[in-house]
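To start, the structure itself, in structure tokens.
The values are calculated or read from the model by the stated rules, or taken from the named source; none is laboratory data. On a predicted model such as this, the values are computed, not experimentally measured, just so you know. Don't worry about glycine lacking a Cβ; one is built from the backbone with ideal geometry, like all the others, and counts go over all protein chains shown. We work out accessible area using only protein heavy atoms, side chains counted, and drop any ligands, DNA or RNA first. Shrake-Rupley method; radii C 1.70, N 1.55, O 1.52, S 1.80 Å.
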Amino acid sequence: MSQVHLGHVFHIAGSPLITEADAALVSIADGALVIDDAGVIAFCGERTALPAEYESATVLDHRPGFLLPGFVDTHIHFPQTYAGDSYGGGQLLEWLNLCIFPSESKFADPDFAQQAAVEFTRRRIAAGTTAAMVFGSAFPHAQDALFTETQKAGLRVVSGRGIQTAGGETAQPLMTSEEDAIRLTRDEIDKWHGADTGNPDTALLHVAIVPRFSLSVTTETLKNLGELYDSVRDRGVYVHSHLNENNRPGTGEVDSTKQAYQVNSYLDTYDGKFLPGSQVGGKSLLGRKTILAHCVHCQDVELERMAETGTSISHCPISQLFLGSGTMPWKRTVASGVNISAGTDFGGGDEWLIPRVLGDAFKQHITEDGAAGVSLHPAEMLFIGTLAGARALDMENRFGNFDIGKEADFVVIDPAGTPALDGRLANAVRAADPELARDQTLFGLLMGIRESSIAQVYVQGRLVTAD
Ligand code: GUN
Ligand code: ZN
């Protein structure tokens with residue numbers, strides 16, 4: 001039996017670029033979303049225009065609530081489930097060594113990892129994160145727990161064990177030999193990629209190859225991962241890592257990487273050009289199924305190369321604030337044509353909720369210096385938190401908006417769950433111009449959503465519940 005969901009619909013229709021998000025914004029105040037038996041969107045439009053064939057369908061009336069596409073978090077760390085707000089580490093490299101590596105090492109205990117997988121999944125449901133690129137644990141039993149719990153809940157996930165073959169003392173428990181790095185990654189692909197349906201094109205579960213970052217691996221690992229990726233690309237396997245996050249002069253991540261590899265750009269290390277002078281040493285890890293987190297301090301050539309290869313950025317402004325990593329230049333990054341999606345980077349960021357990422361993106365980019373400063377359009381905010389995330393995961397054909405024929409991933413927002421949002425929406429002053437009034441409402445919604453506002457979460461038309 002089809003389901004009819006009633007509420008104020010917002011989504012970004014079609015397949016626009018970020019610069020076209022404004023024109024693609026759909027707002028239907030008295031809207032209806034029809035989901036067929038297969039969990040696919042059959043109708044999205046005015047309630048009053050509901051086709052007669054759905055008159056006898058089950059109606060779920062969420063008014064005066066809102067219906068938004070499910071949030072897509074393109075960068076979040078499973079083994080940092082309990083490490084949000086880690087204090088005492090300072091910026092990135094010290095924070096990793098002092099706080100994060102010891103914290104992630106606790107996942108060596110299978111019971112602890114299992115408990116964390118349950119908690120991680122609960123937090124995702126509470127945040128309405130229907131799809132995510134999840135930076136995984138080094139430990140295969142922890143990844144098994146993550147995939148199992150995600151499958152039980154009915155959420156989407158792309159994840160892979162974090163690969164480390166180099167590092168200091170606190171990284172030792174997370175490191176493996178060169179051989180094991182490849183073997184364990186290949187085993188994970190064989191075990192979990194497309195495992196729920198047997199076909200990656202219809203699956204909710206997917207696997208990524210995840211070198212932690214260039215400083216955590218060797219040139220040999222990068223070469224071997226390039227070979228591995230080349231052999232599994234046609235199976236739709238993903239790649240995920242970090243890029244250009246911390247640029248503290250001399251000792252930060254960007255300079256340390258360039259010094260260690262003697263390359264012209266950090267991106268070269270992921271692009272097969274990891275030998276001194278950026279000479280080619282192996283195969284590229286870039287492509288339409290590759291997401292690189294942060295990209296705060298990219299050179300133009302790096303942005304161009306990402307755009308050219310279809311590699312996406314996961315923009316993580318909360319993490320940038322928390323770790324003092326700076327500000328991704330919004331206008332320059334957009335102008336490069338690279339796809340920009342949104343990531344919490346939990347626990348580098350201290351929020352699970354994609355709308356909080358969108359709110360901090362707004363605040364960060366309006367604060368950029370001079371002509372670089374920009375007031376993000378609420379449609380751009382919604383775009384990076386939904387459709388651009390689906391695009392980053394190369395699954396835009398399946399979800400990300402309410403186009404007919406897409407799998408029905410959506411969240412029901414009930415402002416009554418969050419009195420501050422409810423009061424604001426009910427009493428806000430709105431412009432006389434209907435388009436501006438629409439934008440103001442969407443902005444107010446995205447800025448004001450909290451976990452308490454997320455009443456229901458659906459993936460493929462199925463209600464997702466914790467346990
Ligand atoms: N770079 C390498 N590892 C990490 C991590 O865990 N978090 C962040 N934010 N950056 C990283
Ligand atoms: Zn991260």
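Counting the residues of the range 124-155 that are within 17 Å of the chain's Cα centre (by Cα) and among the basic types (Lys, Arg) gives 1. Examine the range 433-453 for a residue that is open to solvent by less than 30 Å² (accessible area, probe 1.4 Å), aromatic (Phe, Trp, Tyr) and either closer than 20 Å to Arg123 by Cα or in contact with a helix residue (DSSP H, G or I) (Cβ under 6 Å, 6 or more places away or on another chain) (or both), and state whether such a residue exists. Checked the range 433-453: no residue is open to solvent by less than 30 Å² (accessible area, probe 1.4 Å), aromatic (Phe, Trp, Tyr) and either closer than 20 Å to Arg123 by Cα or in contact with a helix residue (DSSP H, G or I) (Cβ under 6 Å, 6 or more places away or on another chain) (or both).
What helices (runs of 4 or more DSSP H) lie completely within the range 299-406 and have 3 or more residues being over 25 Å from Gly461 (Cα atoms) and touching a residue at least 12 places away in the same chain (Cβ under 8 Å)?
300-309, 317-322, 330-335, 354-366
For the range 109-154, a tally of residues being under 17 Å from Asp467 (Cα atoms), touching a Phe, Trp or Tyr at 6+ places or on another chain (Cβ under 8 Å) and open to solvent by 10 Å² or more (accessible area, probe 1.4 Å) returns 4. In the range 49-154, counting only strands (runs of 3 or more DSSP E) that sit wholly within it, the ones holding 1 or more residues that are within 25 Å of Leu184 (Cα to Cα), modelled with pLDDT of 95 or more and within 13 Å of ligand 1 (Cβ to nearest atom) span 71-77, 129-135.
Looking at Val207, Val217, Val157, can you tell me which residue is surrounded by 20 or more Cβ atoms within 10 Å (Cβ to Cβ), under 24 Å from Val357 (Cα atoms) and among the aliphatic types (A, V, I, L, M)?
Working: Val207 fails: under 24 Å from Val357 (Cα atoms); Val217 fails: under 24 Å from Val357 (Cα atoms).
Just one listed residue meets the conditions, Val157.
Return the pairs, sorted by first residue and then second, in which the second residue is modelled with pLDDT under 95 and basic (Lys, Arg), the first residue lies in the range 87-100 and is open to solvent by 50 Å² or more (accessible area, probe 1.4 Å), the beta carbons are less than 8 Å apart, and the residues are 6+ apart or on different chains. These pairs meet every condition: Gln91/Arg248. From the list Gly14, Gly7, the one residue that fits, being within 23 Å of the chain's Cα centre (by Cα) and either open to solvent by 40 Å² or more (accessible area, probe 1.4 Å) or farther than 30 Å from Ala108 by Cβ (or both), is Gly14. Among the candidates Ala42, Ala29, Ala57, Ala52, the residue that is touching a residue at least 60 places away in the same chain (Cβ under 8 Å), more than 25 Å from Ser312 (Cβ to Cβ), surrounded by fewer than 23 Cβ atoms within 10 Å (Cβ to Cβ) and more than 26 Å from the chain's Cα centre (by Cα) is uniquely Ala42. The single condition from (1) under 21 Å from the mean Cα position of the chain (by Cα); (2) under 13 Å from Phe66 (Cα atoms) that Glu451 fails is (2). One residue alone among Asp369, Asp422, Asp360 is within 16 Å of ligand 1 (Cβ to nearest atom), at pLDDT 95 or above and open to solvent by 10 Å² or more (accessible area, probe 1.4 Å), and that residue is Asp360.
Yes or no, residue by residue, for (1) closer than 22 Å to Gly167 by Cβ; (2) at pLDDT below 95; (3) open to solvent by less than 10 Å² (accessible area, probe 1.4 Å); (4) within 16 Å of ligand 2 (Cβ to nearest atom):
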residue	(1), (2), (3), (4)
His240	yes, no, yes, yes
Glu253	yes, no, yes, yes
Asp268	yes, no, no, no
Gly277	no, no, no, no
Lys289	no, no, no, no
Ala293	yes, no, yes, yes
Met306	no, no, yes, no
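The set of residues from the range 318-350 being within 15 Å of ligand 1 (Cβ to nearest atom), surrounded by fewer than 21 Cβ atoms within 10 Å (Cβ to Cβ) and charged (D, E, K, R) comprises just one member, Asp350. If you go through the range 255-266 and keep only what is open to solvent by less than 50 Å² (accessible area, probe 1.4 Å), farther than 13 Å from Leu92 by Cα and more than 16 Å from ligand 2 (Cβ to nearest atom), you end up with Tyr261, Val263, Ser265. Within the range 188-219, the residues that satisfy the criterion of being polar (S, T, N, Q) and over 20 Å from Asp394 (Cβ atoms) are Ser214, Ser216, Thr218, Thr219.
Taking the range 160-187 as the range and being within 14 Å of ligand 1 (Cβ to nearest atom), buried (at least 17 other Cβ atoms within 10 Å of the Cβ) and aliphatic (A, V, I, L, M) as the test, the residues that pass are Ile163, Ala171, Leu174, Met175. Is it true that some residue in the range 108-119 is out of contact with any Ser or Thr (no Cβ under 9 Å at 6 or more places or on another chain) and of a type in the set (Val, Ile, Thr)? Looking through the range 108-119, at least one residue is out of contact with any Ser or Thr (no Cβ under 9 Å at 6 or more places or on another chain) and of a type in the set (Val, Ile, Thr). From the list Arg288, Arg248, the one residue that fits, being away from ligand 1 (no atom under 16 Å from the Cβ), not acidic (Asp, Glu) and not in a strand (DSSP E or B), is Arg288.
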